[in-house]
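Taking it in order: structure first as structure tokens, then the write-up.
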Protein chains: 2
Amino acid sequence: MALEHAILVSLDERSGSGYELAQRFEKSIGFFWAATHQQIYRTLKRMVELGWVSCHEVAQEGRPDKKVYEVAEAGRAELARWLASPGEPETIRHDLSVKIRGASLGDAAALTGEIARHRDLHAERLDVYLAIEKKDFPDPSALSGRRLHQYLVLRGGIRAERALVEWCDEVLAAMREDDRR
Amino acid sequence: MALEHAILVSLDERSGSGYELAQRFEKSIGFFWAATHQQIYRTLKRMVELGWVSCHEVAQEGRPDKKVYEVAEAGRAELARWLASPGEPETIRHDLSVKIRGASLGDAAALTGEIARHRDLHAERLDVYLAIEKKDFPDPSALSGRRLHQYLVLRGGIRAERALVEWCDEVLAAMREDDRR
DNA sequence: CGCGGCTATGCAACTAGTTGCACTGCACCT
DNA sequence: AGGTGCAGTGCAACTAGTTGCATAGCCGCG
């Protein structure tokens, strides 16, 4: 399981509460590892028990108290161990592909609509990533260390979304062509 | 959940036993939807209860009896319904990205080794897909219907694996360059 | 003054997926 | 005779992830 490790990486970049982590998972971290607040709270609890993170409560005015977590020694060790250990490539679960493969068994127009919708969603994500690239990493060749690693992960997102948009376009063109005949 | 739907699509192409389905999930279907035999057997059982597939036992000589499943009317209806219904883009879980993002907290050499390993795995998959493309779809412009849909899904796999290989190469080059400085 | 939205945490119940094991019987190799 | 591998089905226990709900105070809007 990598949720623990994603949290460790994020907490190492900056300590924070479960709520703050959940927000990071909505944006940057969530681009390559999705998680809900429920999962995060439960996992943090487990990680405290394992001694991977430490937790101290912080009183706030005008809003509820929060628990701030930070990476402990054992957590850093676990992260180092995990980084060096081999992992499987992700198991693929792509339901758009299942739908395309079953296209002949349903309404073709509804399906092309669905594919077009996904195309637009991916195009939107691509735009978001490109905007971040332009704004946060204007000179990639000057990057090193942590900043470089963040940039490289973003590059992966850009490549993946671009591939998806192009694929959706290919699929739509081919299905429309097939339709016309 | 799309496992039911992946099974329906597969059974519609050809009826078969749980064992046979598991084998298809090891190769073609499994390229875009992973599943183990356990999951498949359990899901088939549930689908019989739902009336989506019918099942009849077939005695064999020289090997154990098997249960052959085929899509029922209710299954076809469910598939049509699902094809037309909107779905979310897949939630991304890419642990290589998590590892890269945490690269500064571990052994850089071990991590680049891991990235290179993934690069090779994806390159291998890409070769498999390209071989299938060449062998099974020599003239894509002549395809239509079911065959076209199979081809388009394969194209998605090719694009995805190619993007991953190229990304791994980019990451490796950048990290080595960073290392040298 | 009530309503929605934000910060903040969490339980309970559910669905989905993984891992390890168990059983049968045939074919083939050594 | 014993070992490996294939064909075939399945249970039990586990881990991971989702969904719905509960709580609670503050802030600003109309």
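Computed from the coordinates by the stated procedures, all read-outs in this text should not be read as laboratory data. Computed from a prediction, not measured in an experiment: that's the story for all the values here. Cβ placement follows ideal geometry from the backbone for every residue including glycine, while neighbour counts extend to all protein chains displayed.
Quick one: helix A:37-50 against the long Cα principal axis of chain A, what's the angle to the nearest 10°, folded into 0 to 90? So the helix axis and the longest Cα principal axis differ by about 40 degrees.
Once the Cβ-Cβ distance of B:Arg117 and B:Arg180 is raised to the sixth power relative to R0 = 22 Å, the FRET efficiency obtained is 0.50.
In nanometres and ascending order, the distances from the B:Glu88 label point to those of the other copies are 2.2 (point 7 Å from Cα along Cα→Cβ).
GNM remark for chain B: springs join alpha carbons under 10 Å apart, and the peak mean-square fluctuation among B:Glu57, B:Glu161, B:Glu124 falls on B:Glu57.
What's log10 of I(q)/I(0) for the stretch A:113-180 at q = 0.17 Å⁻¹, Debye sum over Cα points only, no solvent? Values, matching the q order: -0.65. When the inverse distances between all different Cα atoms of chain B are averaged and flipped, the Kirkwood radius reads 19.4 angstrom. For the stretch B:135-181 and the stretch A:25-77, what is the centre-to-centre distance using only Cα atoms, to the nearest Å? Going from one Cα centre to the other spans 37 Å. For the protein assembly as shown, the share of alpha carbon pairs falling in successive 20 Å distance bins from zero is 25, 51, 22, 1 percent. Using only Cα atoms, tell me the angle between helix B:108-136 and the longest principal axis of chain B; keep it within 0 to 90° and round to the nearest 10. Once rounded, the angle reads 40 degrees. Only helices enter this figure: runs of n ≥ 4 DSSP H residues, each worth -39500 (n - 2.57), summed and divided by the residues of chain B, yield -22000 deg cm²/dmol at 222 nm to the nearest 500. The count of lysine pairs in chain B with alpha-carbon distances below 19 Å, taking only pairs 8 or more places apart or on different chains, stands at 4.
Have a look at A:Gly30, A:Gly62, A:Gly18 and tell me which one the Gaussian network model of chain A (Cα, springs below 10 Å) gives the largest fluctuation. Looking only at A:Gly30, A:Gly62, A:Gly18, the largest GNM fluctuation is found for A:Gly62. Protection proxy ranking for A:63-71, B:89-97, B:6-14, using the average of other Cβ atoms within 10 Å per residue and placing the highest first: B:6-14, B:89-97, A:63-71. Between the helical axis of A:73-84 and the longest alpha-carbon principal axis of chain A there is an angle of about 30 degrees. With no solvent and one equal point scatterer per Cα, compute the Debye intensity ratio I(q)/I(0) for the stretch B:1-93 at 0.10, 0.16, 0.22 Å⁻¹ and report its log10, rounded to two decimals. With one equal scatterer per Cα and no solvent, log10 I(q)/I(0) is -0.27, -0.66, -1.16. Taking amide H as placed 1.01 Å from N in the peptide plane, A:Gly16 has its amide H under 5 Å from the amide H of A:Tyr69, each at least 5 places away in sequence or on another chain.
For A:Ser15, inter-copy separations between label points set 7 Å beyond Cα along the Cβ vector come to 6.5 nm, shortest first. Measuring how big the stretch A:58-121 is from its alpha-carbon positions, Rg and Dmax come out at 23.2, 60 Å. In the elastic network of chain B, a GNM with C-alpha springs shorter than 10 Å, the most mobile of B:Ala35, B:Ala142, B:Ala22 is B:Ala142. Site pair B:Gln60 and B:Val128 shows an inter-label distance of 2.3 nm when each label is modelled 7 Å from Cα along Cα→Cβ.
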